[in-house]
Amino acid sequence: MKNDQNTIIRYTPSERANHWVSAITFILLALSGLALFHPAFYPLTQFFGGGVWTRILHPFIGIVMAISFSIMFSSFRQLNVMTPADREWLGHVREIAAGNERNMPESGKFNGGQKVVFRLMVSCMVLLILSGIVIWRSYFAFMFPRAVIRLSSVVHAVSATIMIAVIMFHIYAGIWTKESIDAMLYGRVRRAWAKQHHAAWFRQMTGGK
Amino acid sequence: MALQSLDITRRSATTIPSPSQRQTPEVAKLIDISKCIGCKACQVACMEWNDTRDVVGTNHGVLDNPMDLSENSWTVMRYAEVQTDRGLEWLIRKDGCMHCANPGCLKSCPAPGAIVQYSNGIVDFHEENCIGCGYCITGCPFNIPRLSNKDSKVYKCTLCSDRVAVGLEPACVKTCPTGAIVFGTKEDMLHHAEGRIADLKSRGFADAGIYDPKGVGGTHVMYVLQHADRPALYCGLPKDPSIGAMVGLWKGAAKPLASFALAAGALGAFLHYVTKGPNKVSEEIEKEFENEK
Ligand code: HEM
Ligand code: SF4
């Protein structure tokens, strides 16, 4: 695809690599976290070498994700500023869910929905990192009073649930919107795809052609 | 320790019934603070029986030694000098697991069977199942479990579940030279306590009473307090301990509900896909770019 004149660059190789580091660490975190979340999920500890290893590994994987996610945050932050067009886009969200994109206002590189997802992920991630450190018994929990640890346990569980729901939505959006996964896998999208889904970005990248 | 495996009332992180064919009477240890002389024989007996050895500490200028519970010191005597209407009083409390009827540790623990409660009321840690997360420490209303640095397992008083299982009293009870610690069925212990409280009242301790806090469903270690109206005098014994709203929220119905909501979301997404179809580039736009192919 690299030599294909009909495609537009959407993500650089380093953006893609980092995105997938976040994605893989997230899956590992969700599986290892859910294992301790409710007894129904405890068997997930088998993927990590048992309960003790799950408990040990989860927070360290969390640190890797925190670093990778912070890098992603700084490279996509400016692109995720909400504009009036995005708000209008969000007003038409039912139509797009029904598969009708005709009345949608043009979106930039990211549409209103993607920006909402970005905000939710960033908020959950901040809460997860802060509360995760407080409940990390081996190294940090002894520094905090019990009331703070209890609150953090709730915050961690709640923000993890929201984050998992948001990521599920994010993954589904990638499956539902055909070819969008190509952008994150190979970095490029077809011009037709760009015009269809991100018309304002398409014009900005190509001058309208 | 799993000696009484047929009479388990509940296990941590387990949603199915536990082996519970055998029923045993509820037991309790009653600690009469007014009779305690602070000799620490119980502390020694505890270490002897359980074969734990704490590190030799330093002298902090007070009688408390060690200064706190640890993975090797499952009970410690806490000495309080307080001024009451009777003058200076020395209130010595034997601290350790209270064996709550409704244990916050067991409720918080994510590892199946790492904490069990027998039908006799004893709450026991099964270290072989413990993953060392410390959630029990977060959930305990009395600040009892201690995580070992050596093996990352938690330890606390077992109420000598191994001795009780074969009809013996706990080691601390056996050794107490003044009879300040007694052990028997919970019913007998409550009855015994009534006599002790009546005696204390007749000697001018108008507020003498039993400490068997209802907020945790009652406990299987109870105190006779001279000042039952002010448990905090006894080195911060909580007046109204309970598992608390935060732990209730953390470990309550919200989690299974949230799990169902996530599963419903996944199903909803799948149904959306098969009913609405994928979101492809429209034919109009495809045509525009046709000649570029
Ligand atoms: C970002 C850094 C993170 C840190 C430092 C962290 C730390 C922790 C710690 C210390 C625990 C307690 C269990 C253990 O010791 O292993 C825990 C539990 C958990 N974590 Fe994380 N975590 C992080 C990120 C995440 C993320 C991104 C998720 C989302 C999927 C997540 C989901 C969970 C869940 C569901 C639990 C179980 C909570 C409960 O039992 O109520 N964590 N985390
Ligand atoms: S430290 Fe062990 S006993 Fe305590 S909650 Fe975690 S797994 Fe359960």
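The values are calculated or read from the model by the stated rules, or taken from the named source; none is laboratory data. Every value quoted in this text rests on a predicted model; they were computed, and no experiment measured them. Virtual Cβ from ideal backbone geometry, glycine too; neighbours counted across all protein chains shown. Heads up: the accessible areas ignore ligands, DNA and RNA and are worked out on the full protein's heavy atoms, side chains in. Shrake-Rupley method; radii C 1.70, N 1.55, O 1.52, S 1.80 Å.
Assess whether residue B:77 counts as being more than 30 Å from residue A:54 (Cα to Cα), among the aliphatic types (A, V, I, L, M) and without any contact (Cβ under 8 Å) to a residue 12 or more places away in the chain. No.
Hey, does region A:54-61 have a residue that's more than 29 Å from residue B:272 (Cβ to Cβ) and either part of a loop (DSSP other than H, G, I, E, B) or more than 16 Å from ligand 2 (Cβ to nearest atom) (or both)? Scanning region A:54-61 turns up at least one residue that is more than 29 Å from residue B:272 (Cβ to Cβ) and either part of a loop (DSSP other than H, G, I, E, B) or more than 16 Å from ligand 2 (Cβ to nearest atom) (or both).
Listed here are the residues, each with its yes/no results for (1) within 16 Å of ligand 1 (Cβ to nearest atom); (2) acidic (Asp, Glu); (3) open to solvent by 30 Å² or more (accessible area, probe 1.4 Å); (4) more than 21 Å from the chain's Cα centre (by Cα).
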residue	(1), (2), (3), (4)
B:25	no, no, yes, no
B:29	no, no, no, no
B:42	no, no, no, no
B:53	no, no, yes, yes
B:60	no, no, yes, yes
B:69	no, no, no, no
B:72	no, no, yes, no
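Okay, residues lined up against (1) open to solvent by 10 Å² or more (accessible area, probe 1.4 Å); (2) in a loop (DSSP other than H, G, I, E, B); (3) of a type outside the set (A, V, I, L, M):
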site	(1), (2), (3)
B:77	no, no, no
B:105	yes, no, yes
B:120	no, yes, yes
B:152	yes, yes, yes
B:167	yes, yes, yes
B:179	yes, yes, yes
B:189	yes, no, no
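The single condition from (1) closer than 22 Å to residue B:79 by Cβ; (2) touching a His at 6+ places or on another chain (Cβ under 8 Å); (3) surrounded by 17 or more Cβ atoms within 10 Å (Cβ to Cβ) that residue B:207 fails is (3). The residues in region B:229-255 that are away from chain A (no Cβ under 14 Å) and either surrounded by 20 or more Cβ atoms within 10 Å (Cβ to Cβ) or out of contact with any strand residue (DSSP E or B) (no Cβ under 8 Å at 6 or more places or on another chain) (or both) can be counted, and the count is 7. Screening residue B:116 on (1) over 9 Å from the mean Cα position of the chain (by Cα); (2) outside any loop (DSSP other than H, G, I, E, B); (3) surrounded by fewer than 24 Cβ atoms within 10 Å (Cβ to Cβ) shows it passes everything except condition (3). Exactly one residue among B:274, B:281 is open to solvent by 60 Å² or more (accessible area, probe 1.4 Å), without any contact (Cβ under 8 Å) to a residue 24 or more places away in the chain and either under 30 Å from residue A:171 (Cβ atoms) or not assigned by TED's automatic domain parsing to the domain that holds residue B:28 (or both), and that residue is B:274. Of the residues making up region A:144-178, those that are over 21 Å from residue A:30 (Cβ atoms), more than 16 Å from ligand 2 (Cβ to nearest atom), at the interface with chain B (Cβ under 7 Å from one of its Cβ atoms) and β-branched (Val, Ile, Thr) number 1.
Listed residues A:25, A:45; which is open to solvent by less than 30 Å² (accessible area, probe 1.4 Å) and either away from every other protein chain (no Cβ under 12 Å) or more than 16 Å from ligand 2 (Cβ to nearest atom) (or both)? Just a single option satisfies the conditions, and that option is A:25.
When you look at residue A:141, is it within 16 Å of ligand 2 (Cβ to nearest atom) and assigned by TED's automatic domain parsing to the domain that holds residue A:187, yes or no? Answer is no for this residue. Output the number of the condition that residue A:195 fails; it satisfies all remaining conditions of (1) among the charged types (D, E, K, R); (2) open to solvent by 40 Å² or more (accessible area, probe 1.4 Å); (3) modelled with pLDDT of 95 or more. Status for residue A:195: all satisfied but (3).
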